[in-house]
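The values are calculated or read from the model by the stated rules, or taken from the named source; none is laboratory data. Note that this is a predicted model, so its numbers are computed, not measured. Every residue, glycine as well, gets a Cβ built from its backbone with ideal geometry; the counts of neighbours run over all protein chains shown. To get the accessible areas, we keep the full protein, side chains included, count just its heavy atoms, and leave off ligands, DNA and RNA. Shrake-Rupley method; radii C 1.70, N 1.55, O 1.52, S 1.80 Å.
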Amino acid sequence: MIQQTLSIIKPDAVKQRIIGEIIKRLENNKIEIIGMKMLKLTREQAEGFYAVHKGKPFFETLVEFMISGKIVVMVLQGEDVIARYRTIMGATDYRKAAPGTLRAEFATGLTENVVHGSDATETAVQEINYFFKPEELVK
Ligand code: UDP
Ligand code: MG
């Protein structure tokens, strides 16, 4: 099934200058980019995006991290792209991420883990709508 998902290249990845490396892996895996922009999130935007994690012990650290520098948000499209992009990302905890995944190679902490990817079809729709208007998606 052709799906869409939201990807974020997080501030640690932008600082490591691996925007190109991440996009190269998407293209190598036949994942199409149909929306893309660079943002510096406000605290309100970061808290809203990660509202599902509000109250968890890492929430404040996560928000501080996400507003610590600029990010790249992308809408990805492709066959089974939600799960396939999560596979390319690797496990949330980089110490458990499979070798060769983005997080295994580039994450430097539990919070500083390089990328975000939506985890299900409903969250993908919500997250895409959080950052993109329909007319910003180019198909
Ligand atoms: N995170 C963290 N500490 C944790 C778990 C998660 O700082 O113990 C951060 C990390 O940046 C992660 C984000 O919170 O990517 C969202 O967590 P989630 O469980 O949704 O992981 P993901 O879907 O990004 O793999
Ligand atoms: Mg998640």
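Overview of results
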quantity: Added length on full extension, which subtracts the Cα-Cα distance from 0.36 nm per residue, THR42 to ALA91; calculated: 15.0 nm
quantity: Per-selection Kirkwood Rh - region 32-99 (Cα, Å, 1 d.p.); calculated: 13.9 Å
quantity: Percentage relative contact order, region 1-79, counting C-alpha pairs under 8 Å, at least six apart; calculated: 59 percent
quantity: Per residue accessible area in Å² of the chain, where ligands, DNA and RNA are left out and the probe is 1.4 Å; calculated: 53 Å²
quantity: The chain, relative contact order in percent, only Cα pairs under 8 angstrom and at least six apart counted; calculated: 38 percent
quantity: Kirkwood estimate for the chain, i.e. one over the average of 1/r between Cα atoms, Å; calculated: 15.0 Å
quantity: 20 Å reach of a label modelled at GLU27, 7 Å along Cα-to-Cβ, counting backbone N of region 55-78; calculated: 72-78
quantity: Cβ charges +1 (Lys, Arg) and -1 (Asp, Glu), total dipole of region 1-133, debye; calculated: 280 debye
quantity: Order by protection proxy (mean Cβ within 10 Å, highest first), peptides 9-17, 53-61; calculated: 9-17, 53-61
quantity: Dipole of region 44-139 [Lys/Arg +1, Asp/Glu -1 at C-beta], most positive-end residue of PHE49, PHE65, THR108; calculated: THR108
quantity: Lysines whose Cα lies under 21 Å from that of LYS40, excluding same-chain neighbours fewer than 8 positions away; calculated: LYS10, LYS15, LYS54, LYS70, LYS133
quantity: Rounded percent of accessible protein surface that carbon and sulfur make up, the chain, 1.4 Å probe; calculated: 55 percent
quantity: Under the Karplus curve 6.51 cos²θ - 1.76 cosθ + 1.60, θ = phi - 60°, whole-Hz ³J(HN,Hα) for region 128-139, x wherever Gly or Pro sits; calculated: 4, 5, 5, 10, 10, 8, x, 6, 8, 9, 10, 10
quantity: In Hz, Karplus ³J(HN,Hα) per residue of region 72-78 (6.51, -1.76, 1.60; θ = phi - 60°; x = Gly, Pro); calculated: 10, 9, 9, 9, 9, 9, x
